[in-house]
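Have a look at the structure below, then the notes.
The values are calculated or read from the model by the stated rules, or taken from the named source; none is laboratory data. Computed from a prediction, not measured in an experiment: that's the story for all the values here. Here the Cβ positions follow ideal geometry from the backbone for every residue, glycine too, while neighbour counts run over all protein chains shown. Side chains are part of the model used for accessible areas, which takes the heavy atoms of the whole protein and leaves out ligands, DNA and RNA. Shrake-Rupley method; radii C 1.70, N 1.55, O 1.52, S 1.80 Å.
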Amino acid sequence: MQHPAIARAESVIESLRLSPEDYVPVAPSADVRIQGDASNVVLARPGLTARLSVNFGGARGCRLLLGAELQGSLQIGFSGDSSLVVIGERCVLHELQIRSKQAGDFIAIGNGVTTTAKNTWISGAGAGAARPWLIVGDDCMFAYDIVIRNSDAHPIYAIDGGRQLNEPASGVCLEPHVWVGEDVKILKDLTIGAGSIVAMGSIVTRDVPRASIARGIPAVATPAHGRYWARNDLPRSRERALHFHRRYPPSPS
C-alpha cells in the first residue's frame, strides 16, 4: 500500500525515484557500514561517495534509497519495520543524522539538498498511533546545529482515559528552495513554503508562507515578496532560484 505522503513528496521533489529497479545494492566497505537484518536493503544510484553508517537495529523490511552523486557523511538509524528513507540526486549532506523512530516511516529528501555541518532530523519519536512524515523539497539549504522533529519525542497522556494528547496530526514539509540558518529548530505539523528563509536561532512552530522570512522564538513570518535568495551570485544559481520562484509562486497577500 502506498504511503499517503508520497503524493506530497512528489509535489516538491522532481522525478522522485521510489522503484528499487532504479537503484543497485550497496555493499559494505571502508566508507559504508551497514548493520541489521538481511530483509532490509540499501540501494544507490551511480556516484555514491558519501561516508555512510546505517543501523537497522531490530527493524525488518526497511528500504534506504540513495540518489546519484550523493556526497558528505550520514548516519541513518531505523527503529521500526517497513520504513522508507529516500534521498534525491546530487545532495551534499555533511554530518547529517537521520533517526527513523517508527514503523512504516516515510522520509524523503529532494534533489540538490545541502547541509553545512551537524543536522539532526528525527521522525516518529513518541508519536503514538500517528505516522508523521518528513519531507524536504529540492534545493533546500541547511546551515548547522539544525534539528527537525515531526513529533514531540515523549508522549503526554490524559489522566482520564489515558488518551495521548500530543500525537502529531500530519508531518513536516519543507517546500523547495528553503534556506535554514544556524541553530534553527523545526517542530511538528507544519510546512515551510518555497523560497523562504528561516533566520538563525529561530524555533518554527507553525506554517511559514512561501517567499517569507521567519525569525524569532516562536518564529514569526514576514512576507518577502519581490525578492529572492540564491546560493551565490553565479547566473546559473540565480536562474535556479528564479525557477523555483516561478514554479512555487507566493500566495497573494
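How many residues are open to solvent by 30 Å² or more (accessible area, probe 1.4 Å), in contact with a strand residue (DSSP E or B) (Cβ under 7 Å, 6 or more places away or on another chain) and within 23 Å of residue 2 (Cβ to Cβ) if we restrict to the range 86-105?
The qualifying residues number 1.
Just the residues that are in contact with a strand residue (DSSP E or B) (Cβ under 7 Å, 6 or more places away or on another chain), open to solvent by 80 Å² or more (accessible area, probe 1.4 Å) and farther than 21 Å from residue 92 by Cβ, please, taken from the range 25-62.
Passing the criteria: 25, 28, 35.
Considering 228, 157, which residue is modelled with pLDDT of 95 or more and more than 26 Å from residue 114 (Cβ to Cβ)? Let's see the steps before the verdict.
Values: 228 fails: more than 26 Å from residue 114 (Cβ to Cβ).
Only one candidate qualifies: 157.
Pick from the range 106-140 the residues that are part of a loop (DSSP other than H, G, I, E, B) and polar (S, T, N, Q): which of them is surrounded by the most Cβ atoms within 10 Å (Cβ to Cβ)? Show your work before the answer.
Let us first name the residues in the range 106-140 that are part of a loop (DSSP other than H, G, I, E, B), namely 110-113, 116-118, 124-132, 137-140.
The next check asks that each one be polar (S, T, N, Q); those that pass are 111, 116.
Details: 111: 22, 116: 16.
Out of the qualifying residues, it is 111.
This table checks each residue for (1) within 11 Å of the chain's Cα centre (by Cα); (2) closer than 23 Å to residue 21 by Cα; (3) at pLDDT 95 or above.
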{"position": "105", "(1), (2), (3)": "no, yes, yes"}
{"position": "130", "(1), (2), (3)": "no, no, yes"}
{"position": "133", "(1), (2), (3)": "yes, no, yes"}
{"position": "140", "(1), (2), (3)": "yes, no, yes"}
{"position": "144", "(1), (2), (3)": "no, no, yes"}
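Cβ-Cβ distance below 7 Å, separation of 6 or more or different chains: which pairs start in the range 144-167 with a residue that is open to solvent by less than 80 Å² (accessible area, probe 1.4 Å) and among the hydroxyl-bearing types (Ser, Thr, Tyr) and end on one that is assigned to a loop (DSSP other than H, G, I, E, B) and modelled with pLDDT of 95 or more?
What qualifies is 151/124; 151/125; 151/126; 151/127; 151/132; 151/168; 151/188.
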